[in-house]
Amino acid sequence: MAFLSEEAGFTAVPPLAGYAEVVSRSRSPATVAMLQGFVADGEDAYELVAEMVTSWLLAPGSVSVEYATEVAADIGTLTAGLHAALAAGRGVPDLEPRRATRDELRGWYADARLQ
């Protein structure tokens, strides 16, 4: 989060206000808590879009194709901006791409099935 809000200038995330880490002798530091700036009237984009799509499916014809297309375009623009900000992190060790482990892939699959 600090990288996105402070270094990449991605304004769609609240600024980082602070964090707490656990440091042990056997492992590298691990972040255990994070505090972000308050966004008045802020909404979770995923939840908002999920609710909109659900309402559209439950009430066919209640939204125009044009409006739905505008919403999809806005989400695409936001997603492209996020990916561009993350790509600006090349050379930052924690943001470098790496191959997922077999266990990570299995875990992500299980999580997706639960959702």
From the list 63, 32, 22, 13, which one is farther than 23 Å from residue 83 by Cα, aliphatic (A, V, I, L, M) and surrounded by 11 or more Cβ atoms within 10 Å (Cβ to Cβ)? 63
Flag if residue 87 is without any contact (Cβ under 8 Å) to a residue 24 or more places away in the chain, within 18 Å of the chain's Cα centre (by Cα) and surrounded by 11 or more Cβ atoms within 10 Å (Cβ to Cβ): yes
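To keep it simple, each residue is scored yes or no on (1) modelled with pLDDT of 90 or more; (2) of a type outside the set (Phe, Trp, Tyr); (3) on the phi > 0 side of the Ramachandran plot.
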residue: 5; (1), (2), (3): no, yes, no
residue: 9; (1), (2), (3): no, yes, yes
residue: 20; (1), (2), (3): yes, yes, no
residue: 37; (1), (2), (3): yes, yes, no
residue: 41; (1), (2), (3): no, yes, yes
residue: 44; (1), (2), (3): no, yes, no
residue: 58; (1), (2), (3): yes, yes, no
residue: 65; (1), (2), (3): no, yes, no
residue: 74; (1), (2), (3): yes, yes, no
Go through the residues of region 96-104 one by one and say whether even a single one is among the basic types (Lys, Arg) and either open to solvent by less than 60 Å² (accessible area, probe 1.4 Å) or within 24 Å of residue 3 (Cα to Cα) (or both). yes
Quick one: what pairs do we get from region 64-82, first residue within 28 Å of residue 8 (Cα to Cα) and free of Cβ contacts under 8 Å to residues at least 60 places away in the same chain, second in a helix (DSSP H, G or I) and among the charged types (D, E, K, R), C-beta under 7 Å, 6+ apart or different chains? none
Of (1) among the acidic types (Asp, Glu); (2) surrounded by 11 or more Cβ atoms within 10 Å (Cβ to Cβ); (3) in a loop (DSSP other than H, G, I, E, B), residue 74 satisfies all except one. Which? (3)
Say whether the condition of being within 18 Å of residue 75 (Cα to Cα), touching a residue at least 12 places away in the same chain (Cβ under 8 Å) and not aromatic (Phe, Trp, Tyr) is met by at least one residue in region 20-41. no
Among the β-branched types (Val, Ile, Thr) and surrounded by 11 or more Cβ atoms within 10 Å (Cβ to Cβ): does that describe residue 92? yes
Residues in region 47-57: is at least one assigned to a loop (DSSP other than H, G, I, E, B), surrounded by 11 or more Cβ atoms within 10 Å (Cβ to Cβ) and of a type in the set (Val, Ile, Thr)? no
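The values are calculated or read from the model by the stated rules, or taken from the named source; none is laboratory data. Remember, it's a predicted structure, so these values are computed and weren't measured experimentally. Neighbour counts run over all protein chains shown; Cβ positions are idealised from the backbone, glycine included. With ligands, DNA and RNA removed, areas are computed over all heavy atoms of the protein, side chains included. Shrake-Rupley method; radii C 1.70, N 1.55, O 1.52, S 1.80 Å.
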